[in-house]
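Peer 1: Have a look at this one before I ask anything.
The values are calculated or read from the model by the stated rules, or taken from the named source; none is laboratory data. The shown structure was predicted, so the numbers you read here are calculated from the model rather than taken from an experiment. Virtual Cβ from ideal backbone geometry, glycine too; neighbours counted across all protein chains shown. Surface areas here come from the heavy atoms of the whole protein model, side chains and all, with no ligands, DNA or RNA. Shrake-Rupley method; radii C 1.70, N 1.55, O 1.52, S 1.80 Å.
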Amino acid sequence: HKPGLRWRLNALNRSLGSLRKGDFGFIFARPESGKTTFLASEVSYFAEQSSSSILWFNNEEQGSKVQLRIYQASLGRGLLELFGNRDKYQNEYANKTRNKIKIMDSAGITKSSVETTLQQCQPSCIIFDQLDKIQGFQGDREDLRLGDIYIWARELAKVYCPIIGVCQSDASGEGRRWLEMDNVANAKTAKQAEADWILGIGKTHAESEETFRYLSICKNKLIGDDDSDPAMRHAKLQVKLQPEIARYLD
């Protein structure tokens, strides 16, 4: 009955429920579909609830851009407004999140550097954007190497806190509303097998649907909360993207 980290999107609270220690899952989508914005929207809300730091390991886009999106998502403001009164909004952000979100920005994030950081920090949530690019793993085939990364992430979740990974959809997911597990890039079953939950973010090329995203709960082994709906465990959810404030809306 004790909730963990609750989502900003109420539909995810009803379908997935809270994230708790031991929970490992990942989101996937085609490039330029809003994966980082989704994380900024949700993680900025996690920061209002968490008791310790949230570590965001970033080896994808520039860390300063990610930080700006987190500011936007937390405060619900556009960039022009934020830069128009920086001191005011920095103070607002600090009050809301207590500056708990720590971005570890490096193109060469390794297994050993992650483990050292976690031992020093004891975080309440961990983000890997992108999980497939963590270095320090070997394998005869690419899918087996990636499988080892996901096994490692699952074990870290058991020791420390909930973990969210990010990876890509392959070309079969281009222009699709509803992604499935077989749309995950560079994977047969190894990546999918290790996750407790998997969320696909779909996007079409229709101009009339530019602001909509389509969330598919491809896998869900989470226990949920008192307000979770069993009928929504594998729901397909249409949500609205507000890129100007880096938020997703029900």
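Peer 1: With springs only between Cα atoms under 10 Å apart, run a GNM on the chain and tell me which of L80, L12, L68 wobbles the most.
Peer 2: Looking only at L80, L12, L68, the largest GNM fluctuation is found for L80.
Peer 1: State which entries of K65/K191; K35/K221; K35/K65; K96/K221 exceed 19 angstrom in Cα-Cα distance in the structure shown.
Peer 2: Values: K65/K191 28 Å; K35/K221 22 Å; K35/K65 14 Å; K96/K221 31 Å.
Going by Cα-Cα distance, K65/K191; K35/K221; K96/K221 fall outside the 19 Å limit.
Peer 1: Under 17 Å between alpha carbons, and skipping anything fewer than 8 positions from K100 in its own chain: which lysines qualify?
Peer 2: Cross-link targets: none qualify.
Peer 1: Would you mind checking K111/K236; K158/K219; K102/K240; K133/K188; K88/K203 for any pair whose Cα atoms are more than 29 angstrom apart? Before the final figure, lay out the partial values.
Peer 2: On the way: K111/K236 34 Å; K158/K219 19 Å; K102/K240 27 Å; K133/K188 17 Å; K88/K203 35 Å.
Distance filter (> 29 Å) returns K111/K236; K88/K203.
Peer 1: Based on the mean of other Cβ atoms within 10 Å per residue, sort peptides 87-96, 33-42 so the most packed one is first.
Peer 2: Details: 87-96: 13.4, 33-42: 23.5.
Listed from highest to lowest mean packing, they are 33-42, 87-96.
Peer 1: Compute the distance in nm between two label points, each set 7 Å from the Cα along the Cα-to-Cβ direction, one at E207 and one at D143.
Peer 2: 4.1
Peer 1: For the chain, what does the accessible surface come to per residue with a 1.4 Å probe? Please give it in Å².
Peer 2: Working: 11190 Å² over 250 residues.
Ligands and nucleic acids excluded, the figure is 45 Å² per residue.
Peer 1: I've got another one for you. With a 1.4 Å probe and every protein chain kept in, tell me what percent of the accessible surface of the range 25-151 is carbon plus sulfur. Each step should come with its number before you reach the end.
Peer 2: Values: 2500 of 5680 Å².
Solvent-exposed carbon and sulfur of the range 25-151 make up 44 percent of the total.
Peer 1: Still on this model: Determine the gain in length on full extension of the stretch C121-K102; use 0.36 nm per residue of separation and subtract their C-alpha separation, reporting nm with one decimal. Walk me through the numbers on the way to the answer.
Peer 2: Numbers: separation 19, 0.36 × 19 = 6.84 nm, distance 1.03 nm.
Taking C121 through K102 to full extension adds about 5.8 nm, to one decimal.
Peer 1: What number, in nm² with one decimal, is the all-direction average of the projected area of the convex hull of the alpha-carbon atoms of the range 1-68?
Peer 2: Details: hull surface 22.1 nm².
That works out to 5.5 nm².
Peer 1: For the range 1-135, with only Lys/Arg (+1) and Asp/Glu (-1) charged at the beta-carbon, what is the dipole magnitude about the Cα centre, in debye rounded to 20?
Peer 2: I would put it at about 420 debye.
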